[in-house]
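Working notes, structure below.
No value in this document is a laboratory result; all are computed from the given coordinates. Note that this is a predicted model, so its numbers are computed, not measured. Don't worry about glycine lacking a Cβ; one is built from the backbone with ideal geometry, like all the others, and counts go over all protein chains shown.
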Amino acid sequence: MSAAVKKIPLRRCVGCGESFPKKMLLRVVRSPEGVVSLDLTGKKSGRGAYICKNVQCLRKARKAKRLERNLECEIPDEVYASLESELERLELELE
């Protein structure tokens, strides 16, 4: 009998529209209180949207208002700025 193959959950990036394994993407979450933040654990409660770990995808998603549509709320500029700086910091760590 062969071992069961573990199914890898795929999620679609709201920036580029490509599907990736969940672990390769970052989750942006709107908490029940309405606070939008980056969910590095992937376990925060609330409505989530996934984005690639690069700033270009965040900029594409922002331009087309895809995060706002997915999270069903308005996202202030300062939240985008903090998301962008967090992504830039992660990109530097990966290099």
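Observations
- Projecting the Cα atoms of 32, 92, 52 onto the charge dipole of the range 10-94 (Cβ charges, centred on the Cα centre) puts 52 farthest toward the positive pole.
- Matching label, Rg and Dmax of the Cα atoms in Å computed from the structure shown, candidates (i) 14.2, 55; (ii) 12.9, 41; (iii) 15.2, 48: (i)
- Selected from 61, 81, 49 as most flexible by GNM, with the chain as the system and alpha-carbon contacts under 10 Å: 81
- The chain - mean residue ellipticity at 222 nm from DSSP helices (-39,500 (n - 2.57) per run, n ≥ 4, rounded to 500): -10500 deg cm²/dmol
- 5 angstrom amide H check on residue 39, placed H, neighbours 5+ away: 27, 28, 29
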